[in-house]
Amino acid sequence: MAGTSAAGKPAHGATKALVRFFPLVWSILVIYPVLWTFFTSLKDNPQVLQGKPWDLPSPLIFENYANVWSRAHFGDYFINSALVTASSTLLSLAMAATTAYVLARYEFKGRGALYFVYVASMMIPTILGLIPLVFLLNTLHLSNSLLGLTLVYSVGAVGILPFGVFFLVGFYKSLPKELEEAATIDGCSYFGTFFRIMLPLSKPGLVTVAIMNALTVWNEYIMATVLINDPTKYTVPVGIAIMQGEMQYRTEWGPLFAGLAISMIPVIIAYSFFQRQITGGLTAGALKA
């Protein structure tokens, strides 16, 4: 027995070392391009082209951020993306929360089929709906507008609404039915039970869905490229693509990387502040769907 225990200790130690090693390597692979982007955004062209990639910027060229924000109209792109992301996330979250609650807690004919439609819609590639969406927005006189783009995102053209319904159905199923029964005994209506009891309890799931939706919309490129033709209404991903095409021929690498850094900041902040809510929401009830 003693020999078996002694022989098992090195193997156990090697396993622990591997468990710590792979996350460390993965962290380096993720952090490396982020830091390189921020370093390059503070350099001028000679530093970018003649220096080594990991040379610290000297001097620090903060004018790159001012130039890309105003002269390259990146401020307009940022505001457009912020408006579209916030509006579409709120609308999609409202629809997903109410739909998921009904599908999870009430019995009615066709409930399973309706739930299947939402789940199956996540498997449909976004690009297949481009042509119908273009004709639909033209018919509704919403083409080439931020409102039209917001509605397209909200109703699930990029999969955020079906994902929200799928995720929240499992979350609502994890909540005890006794809460609703007690609310009914106390005289709560269906709406009162949902808004006063179930909705506050589902906050971790709602936060998770909201962040996932916001990040998806913030980084979405294909829909924004096809549905928006007015340069004043471009979103951040489209703006960065335009800037890349222009600045690589003017060799303005510092402002280009400054734009990339600005676009990354909201994503980094979201993950930094809400990482616990994301992991908590993912483990609270999604597996019971």
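The values are calculated or read from the model by the stated rules, or taken from the named source; none is laboratory data. Computed from a predicted model, the values in this text were never measured in an experiment. Glycine also receives a Cβ, built like all others from the backbone with ideal geometry; neighbour counts cover every protein chain displayed. Ligands, DNA and RNA are stripped out before the accessible areas are found, and what is left, the full protein with its side chains, is counted by its heavy atoms. Shrake-Rupley method; radii C 1.70, N 1.55, O 1.52, S 1.80 Å.
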> For the chain, with only Lys/Arg (+1) and Asp/Glu (-1) charged at the beta-carbon, what is the dipole magnitude about the Cα centre, in debye rounded to 20?
Replying inline: 820 debye
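Relative contact order for the chain: what is it in percent, counting Cα pairs under 8 Å that are at least 6 residues apart?
Details: 291 pairs, mean separation 89.2, N = 289.
This gives 31 percent for the chain.
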>> What's the magnitude of the charge dipole for the range 42-200 around its Cα centre, counting Lys and Arg as +1 and Asp and Glu as -1 at the beta-carbon? Answer in Debye, nearest 20.
In response: 280 debye
> Based only on the alpha carbon positions, what is the Kirkwood hydrodynamic radius of the range 85-170, in angstrom?
Replying inline: 13.7 Å
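Rolling a 1.4 angstrom probe over the protein heavy atoms, how many square angstrom per residue are accessible across the range 70-205?
Ligands and nucleic acids excluded, the result is 55 Å² per residue.
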>> Exceeding 31 Å between C-alpha atoms, which entries from my cross-link table qualify? They are Lys173/Lys233; Lys109/Lys203; Lys16/Lys173.
In response: Lys173/Lys233; Lys16/Lys173
> According to the square roots a ≥ b ≥ c of the eigenvalues of the Cα gyration tensor, what is the shape class of the range 15-161, taking rounded for a/c under 1.5, prolate for a/b larger than b/c otherwise, and oblate for the remainder?
Replying inline: oblate
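Please identify every one of the chymotrypsin sites (Phe, Trp or Tyr not before Pro) in the range 208-266 that sits in a loop by DSSP and has no more than 14 other beta carbons within 10 Å of its own beta carbon.
Tyr221
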> What residue among Tyr32, Tyr153, Tyr65 has the largest mean-square fluctuation in a Gaussian network model of the chain, using Cα springs under 10 Å?
Replying inline: Tyr32
> Which of the listed residues, Gly75, Leu142, Met212, is farthest toward the dipole's positive end in the chain, when Lys, Arg count +1 and Asp, Glu count -1 at the beta-carbon?
Replying inline: Met212
>> Suppose the chain between Gln50 and Phe22 were pulled fully straight at 0.36 nm per residue; how much longer would it get relative to their current alpha carbon spacing?
In response: 6.7 nm
>> Could you give each residue of the range 224-235 its phi-based ³J(HN,Hα) in whole Hz, using Karplus coefficients 6.51, -1.76, 1.60 with θ = phi - 60°, and x for Gly or Pro?
In response: 5, 5, 6, 8, 10, 10, 7, x, 6, 10, 5, 9
>> Under the rule that an exposed site lies in a DSSP loop and has at most 15 other Cβ atoms within 10 Å, name the longest stretch of the chain with no trypsin sites (Lys or Arg not before Pro) of that kind, not counting the sites themselves.
In response: 178-289
